[in-house]
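Below is one structure, written out as structure tokens, with a few remarks after it.
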Amino acid sequence: ANCVIACPQGLPIGEANKAAVAGNLEPLANLFDICVGCGRCEQVCKKHIPIVDVIHKAALPLVRAEKGMVRVGRGPVRDTEIRNVGAPLVLGTIPGIIAIVGCGNYPNGTKDVYIMAKEFVERKYIVVLTGCGAMDAALYRDEDGKTLYEKYPGDFDGGCIVNIGSCVANAHIHDAAIKVAAIFARRNIRANYAEIADYILNRVGACGVAWGAMSQKAASIASGVNRIGIPVLVGPHGWKYRRAYLGRKDVDEDWMVYDARDSSQVRIEPAPEHLLLAADTLEEAIPLMARLCFRPTDNSMGRQVKLTHYMDLSMKYLGAYPKDWPVFVRGEADLPLAKKEEYLRILKEDYGWDVDLEAKKIISGPIRKMDVGFDATNLEELLKENK
Ligand code: SF4
Ligand code: SF4
């Protein structure tokens, strides 16, 4: 049918309408959560059926029965909270901030954002939500009948879930990242945009996620967080703005950063590899979110934590380890202890690294060695010799 071809979600509208005519409204009602309300089906419908209205009407009992439990939007992250999380965030032992922002109409229904938030809060990331995403994540309950907001605390800390506020409160998420630079690292925030963005890009593991059918406003918010060095993952509807900032991890010169201590140039791992990209499915998105939280300043403990989640999530959602995981290994100390032997064997046998399996040591293979004092920057004015 024309409507099915026109529908960006490929929804079986014709079949659902037929079932409705025969007295069964359920198939039509079930389209409600996945329909993005774009109206394309109506434009091509030769019988002029008001399809969106019909879907809404059929789903009314479901909508009326929808009940959630959301914590009130709390506004800015407090300075005291930043003092507590600054060091673990920059060192990577809190593996990252996952910011699920804005609009609904998700590619596969509302439950997607709940699954994302649950996955990362259980893994002790800081999960912050805004706008429709914050409310949608509150519609589902676990086996004990609890929503995420009832189960996890509302602090800005690892393993907590924070409703920052409405979609316009997204600015408080920018603010939290800026505060890490200002309060934890004491960087000057007045007329100093480049330094703050450079700090966040190289040190603050964070990933914004706009999974729904983004509004123009949400698209510009995504660009806004990109400007301060935070990568953003959008759902398939994000493609419509035809904008992406994709990195090429195979191009060495794209990954040269300065070490401010001695002005040397260091080829770093692609962390984060992209600043703005789209994923088609939830299964693709979740491991990507973990990947976008790596940063060059992770210490070995932090890198172990991030690698554990990246590998686990890839296995869980895609059924395999990611192909690129060795780029994040700077030495054997970066490997999660529980899997060290397995990973060393893979590095040797599948990636051709020189590994002494008996001594559990990597002889050669990594892009660079771990250096605790590495003072990564892209800005020449921050080099010690230029200060
Ligand atoms: S309004 Fe809903 S059913 Fe119609 S084309 Fe858009 S997504 Fe498909
Ligand atoms: S812009 Fe509209 S759809 Fe998007 S989060 Fe805000 S209220 Fe929801």
Residue list for region 257-283, restricted to those being part of a strand (DSSP E or B) and surrounded by 13 or more Cβ atoms within 10 Å (Cβ to Cβ) | V257, Y258, D259, V266, L276, L277, A278
Residues being more than 23 Å from K306 (Cα to Cα), among the hydroxyl-bearing types (S, T, Y) and in contact with a strand residue (DSSP E or B) (Cβ under 8 Å, 6 or more places away or on another chain): count how many of those fall in region 108-161.
-> 2
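Listed here are the residues, each with its yes/no results for (1) in the same structural domain as C38 (by TED's automatic domain parsing); (2) in contact (Cβ under 8 Å) with a residue 60 or more places away in the chain; (3) within 18 Å of the chain's Cα centre (by Cα); (4) closer than 20 Å to D112 by Cβ.
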| site | (1), (2), (3), (4) |
| --- | --- |
| I126 | no, no, yes, yes |
| A134 | no, yes, yes, yes |
| F156 | no, yes, yes, no |
| V180 | no, yes, no, no |
| R186 | no, no, no, no |
| A194 | no, yes, no, no |
| R203 | no, yes, yes, no |
| W211 | no, yes, yes, yes |
Could you look through region 119-140, keep only residues that are part of a helix (DSSP H, G or I) and away from ligand 2 (no atom under 13 Å from the Cβ), and pick out the one that is surrounded by the fewest Cβ atoms within 10 Å (Cβ to Cβ)?
-> E122
Scanning region 194-232 residue by residue, those within 16 Å of ligand 2 (Cβ to nearest atom) and assigned to a strand (DSSP E or B) turn out to be G208, V209, A210, V232
So, of the residues in region 9-50 that are closer than 26 Å to D280 by Cβ and acidic (D, E), which turns out to be surrounded by the most Cβ atoms within 10 Å (Cβ to Cβ)?
-> D33
Positions within region 101-118 being more than 16 Å from ligand 1 (Cβ to nearest atom) and surrounded by fewer than 21 Cβ atoms within 10 Å (Cβ to Cβ), in sequence order | K111, I115, K118
A191 out of contact with any Asp or Glu (no Cβ under 7 Å at 6 or more places or on another chain), within 16 Å of ligand 1 (Cβ to nearest atom), part of a loop (DSSP other than H, G, I, E, B) and of a type in the set (A, V, I, L, M) = no
Can we say D175 is over 20 Å from G235 (Cβ atoms), surrounded by fewer than 21 Cβ atoms within 10 Å (Cβ to Cβ), modelled with pLDDT of 95 or more and acidic (D, E)?
-> no
Tally the residues that are in contact with a helix residue (DSSP H, G or I) (Cβ under 7 Å, 6 or more places away or on another chain) and surrounded by fewer than 17 Cβ atoms within 10 Å (Cβ to Cβ), restricting the search to region 341-361.
-> 4
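The values are calculated or read from the model by the stated rules, or taken from the named source; none is laboratory data. Bear in mind that the values here come from a model prediction, so they are computed numbers and not experimental data. Cβ atoms come from the backbone with ideal geometry, glycine included; neighbour counts cover every protein chain shown.
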